[in-house]
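**Q** Quick one: this structure, given as structure tokens, is what I'll be asking you about.
Just so it is clear, none of the values below were taken in a lab; they were calculated from the coordinates. These numbers come from a predicted model, not from an experiment. Using ideal geometry, Cβ is built from the backbone for each residue, glycine included, and neighbour counts are taken over all protein chains shown.
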Amino acid sequence: MKYCQGPKCHLYDTKDRLRGPKGAKVYQTRRRSSFHYLGGNACSMNCERDWFDKFGERAVDHFGRIHEPTTLTQDNAWSKEHDEYDHTNEQWSFCIANRLTKERRPITQAQYDDINFVRP
């Protein structure tokens, strides 16, 4: 069972955090939520924000801080999309589209599913 990773989760005054017998009540950390806050590690947006306020700077430094702007060019502007559902054949049609030039090229489902296929 996973518990919320928010460092202040147990401090929030809600009924579902209140535990224990009468006269010995305590607030405790909630279980994580099904809404996938913080990638499934927090119970609410408040706890997600608390975590980022405490650990966000360290996380960005650890995983890599961007020092120069990232640029979208015609070469790296390709993205895979599924176009429309063909009710006759009961299947999707897939394409790869360039977000800058608006060019669209049909691809197979195998190419769509291949994570290494990123441009035509």
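**Q** So if we plug the beta-carbon distance of ARG49 and TYR27 into 1/(1 + (r/R0)^6) with R0 = 22 Å, what FRET efficiency do we get, rounded to 0.05?
**A** 0.75
**Q** Separate question: Of the listed values [x] 1.11; [y] 1.22; [z] 1.15, grab the one calculated as Rg/Rh (Cα atoms, Kirkwood Rh) from the structure here.
**A** Identified label for the calculated read-out: [y].
**Q** Quick one: dipole size for the chain, taken about the Cα centre, charges +1 on Lys/Arg Cβ and -1 on Asp/Glu Cβ, in debye to the nearest 20.
**A** Approximately 1120 debye in magnitude.
**Q** Nearest 10 degrees, 0 to 90: what angle lies between the long axis of helix 45-63 and the longest principal axis of the chain (Cα atoms)?
**A** The helix 45-63 is inclined about 60 degrees to the chain.
**Q** In a GNM of the chain with a 10 Å cut-off on Cα contacts, which of ARG105, ARG65, ARG49 has the highest mean-square fluctuation?
**A** ARG105
**Q** Something else now. Between the DSSP loop rule and a limit of at most 16 other Cβ atoms within 10 Å, which chymotrypsin sites (Phe, Trp or Tyr not before Pro) in the stretch 49-120 are left?
**A** Those that pass, being in a loop and sparsely packed, are PHE117.
**Q** Have a look at ASN89, GLY20, PRO7 and report the one farthest towards the positive end of the charge dipole of the chain, computed about the Cα centre with Cβ charges (Lys/Arg +1, Asp/Glu -1).
**A** GLY20
**Q** If you build a Gaussian network model of the chain, linking Cα atoms that sit under 10 Å apart, which residue out of GLN91, GLN28, GLN74 swings the most?
**A** GLN91
**Q** For the chain, what does the relative contact order come out to in percent, with C-alpha contacts under 8 Å and a separation of six or more?
**A** Relative contact order for the chain comes out at 16 percent.
**Q** What Kirkwood hydrodynamic radius, in Å, does the stretch 9-63 give when the mean of 1/r is taken over all pairs of distinct Cα atoms and then inverted?
**A** It works out to 12.5 Å.
**Q** How many nm is it between the label spots at VAL118 and GLN91, if each spot is 7 Å from the Cα in line with the beta carbon?
**A** Placing both labels 7 Å beyond Cα along the Cβ direction yields 2.8 nm.
**Q** Restricting to DSSP loop positions (anything but H, G, I, E, B) with no more than 15 other Cβ atoms inside 10 Å of their own Cβ, which GluC sites (Glu not before Pro) remain in the stretch 1-105?
**A** Hits after loop and neighbour filter: GLU90, GLU103.
**Q** Say we join alpha carbon atoms closer than 10 Å with springs in a Gaussian network model of the chain; which of GLY56, GLY40, GLY20 then has the biggest fluctuation?
**A** GLY20
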